[in-house]
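To start, the structure under review is shown below, and the notes come after it.
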Amino acid sequence: TQAFDSYLTYPAYEQAMIGFQLSHPQLCRLVNLGTLPSGRKILALKISDSVDITQNEPRFLYTSSMHGDETTGYPMMMKLADTLLRGYGSDTELTRLVNEMEIWINPLANPDGTYRGGNQSVSGATRFNAANIDLNRNYPDPQDGPHPDGESYQPETKIFMKLADSLRFVMAANFHGGAEVWNFPWDTWQRRHPDENWWTEEGVKFAGSARSNSATFFNENYGYPNLPGVCQGFEWYEVNGGRQDYMNWFHQCREVTIEVSDTKLIPNSQIPVHWQWLRRSLIDYMKASLRGIRGRISDACTGLP
């Protein structure tokens, strides 16, 4: 087993993702969401107790590093997948998550950016993809419509749009770096989200758990009233063509943007401690998708869904 306490080479990343399925074939499927022109792949793990069956369960997505040099979430997602799979059957909380949810984890959403300097190291990582496009400005926008950045949809964008079209995700988060803040919708305009109370409740919980492990973590104020580590996106700064607004508006998926480290590319030595700080927060946000109503709506005449 690997501890994932350091950044992998790109080939080792592919092998580790394959290894999750090989080690836990009853619980895990490796899905290649799409292969980029470079040959690098956007890979996801599907984790569930009935991994080859679609059940009446909330479908949840974690995805990281669409900005290729914001890498902290990448090893966090490897460690989370490892924790869920190895804890299944022995840890009650983790077992419940795998039993009652369909969990998708994509550790690396922009492999061409992260491995811009070559497949052996993340040291040359850059924000943009191979075409030097900012992927978090490249999605259809609620206010600004299609192509808000004036660019064609990138291969990475098309891959995630196809995923959102083909699977209904209930909740999601995408991970960034350069700050420590829970950034909830909307990014593109000043109007408030109708579920702002829910967003702030979950944000306070996420930031509070992180801060409880380190007094200096998630303790900065981003203008949201008296709630360190939590902000409404537009109040911080406007983003058009962002991924969270796309997922919320067009797919009714509660996706949030979480900046998980002030340093974008933390050194290997900082990976284990960031995991200690973030582990509880990551698990608790997943648990939130088990709250609320779920069921099947059927036709009164035929009884069919």
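If R0 equals 51 Å, the separation of the Cβ atoms of residue 22 and residue 216 corresponds to a calculated FRET efficiency of about 0.80.
Each Cα pair of the stretch 83-149 feeds into the Kirkwood radius, which the Stokes-Einstein equation turns, at 10 °C and 1.306 mPa s, into a diffusion coefficient of 105 µm²/s. Counting only Cβ charges, +1 for Lys and Arg and -1 for Asp and Glu, the dipole size of the stretch 1-109 around its Cα centre is about 260 debye.
Net charge near residue 81: determine it from the other residues with C-beta under 13 Å of the C-beta of residue 81, scoring Lys and Arg +1 and Asp and Glu -1.
That sum, taken over residues with Cβ under 13 Å, equals +4.
Dividing the mean sequence gap of close Cα pairs (under 8 Å, 6+ apart) by how many residues the stretch 167-225 holds gives a relative contact order of 34 percent. When the C-alpha to C-alpha distance is required to be over 20 Å, the pairs from 79/264; 41/287; 264/287; 46/287 that qualify are 41/287; 264/287.
Per-peptide packing, taken as the mean over residues of other Cβ atoms within 10 Å, places 169-179, 259-269, 215-225 in the sequence 169-179, 259-269, 215-225 from highest down. Of 60, 45, 153, which is farthest along the charge dipole of the chain in the positive direction, counting Lys and Arg as +1 and Asp and Glu as -1 at C-beta? Comparing the listed Cα positions along the dipole, 45 ranks first.
Quick one: net charge of residue 261's neighbours, Cβ under 11 Å, K/R +1, D/E -1? Local net charge: -3.
Contact order for the chain, expressed relative to its length and based on alpha carbon pairs under 8 Å spaced 6+ residues apart, stands at 21 percent. Each Lys and Arg Cβ is given +1 and each Asp and Glu Cβ -1; about its Cα centre, the stretch 116-209 then shows a dipole of about 260 debye.
Estimated from the Cβ-Cβ distance and a Förster radius of 45 angstrom, the FRET efficiency linking residue 144 and residue 55 is about 0.75. Proximity of backbone amide H atoms, modeled 1.01 Å from N, is registered between residue 110 and no other residue at under 5 Å, excluding neighbours fewer than 5 places apart on the same chain. In a GNM of the chain with a 10 Å cut-off on Cα contacts, which of 49, 134, 144 has the highest mean-square fluctuation? The residue with the greatest mean-square fluctuation here is 144. Between the stretch 101-171 and the stretch 202-236, the C-alpha centres lie 25 angstrom from each other.
Among (i) 40, 24, 17; (ii) 70, 17, 14; (iii) 25, 24, 22, which one is semi-axes √(5λ) of the Cα gyration tensor in Å computed from these coordinates? For semi-axes √(5λ) of the Cα gyration tensor in Å, the calculated option is (iii).
If only the Cβ of Lys and Arg carry +1 and only the Cβ of Asp and Glu carry -1, the dipole of the stretch 67-145 around its Cα centre is close to 260 debye. Under a 5 Å amide H cut-off, with hydrogens placed 1.01 Å from N, residue 256 pairs with 172, 173, 174 among residues at least 5 apart or on other chains.
When you restrict to C-alpha pairs under 8 Å that are six or more residues apart and normalise by the size of the stretch 118-157, the relative contact order lands at 28 percent. Report the far tail of the P(r) of the stretch 252-305, meaning the percent of Cα-Cα pairs longer than 13 Å. Everything past 13 Å amounts to 75 percent.
We did not get these values from a lab; they are worked out from the coordinates using the rules stated. In this text, all values refer to a predicted model and were calculated from it rather than measured experimentally. Quick reminder, even Gly has a Cβ in these numbers, built from the backbone with ideal geometry, and neighbours come from all protein chains shown.
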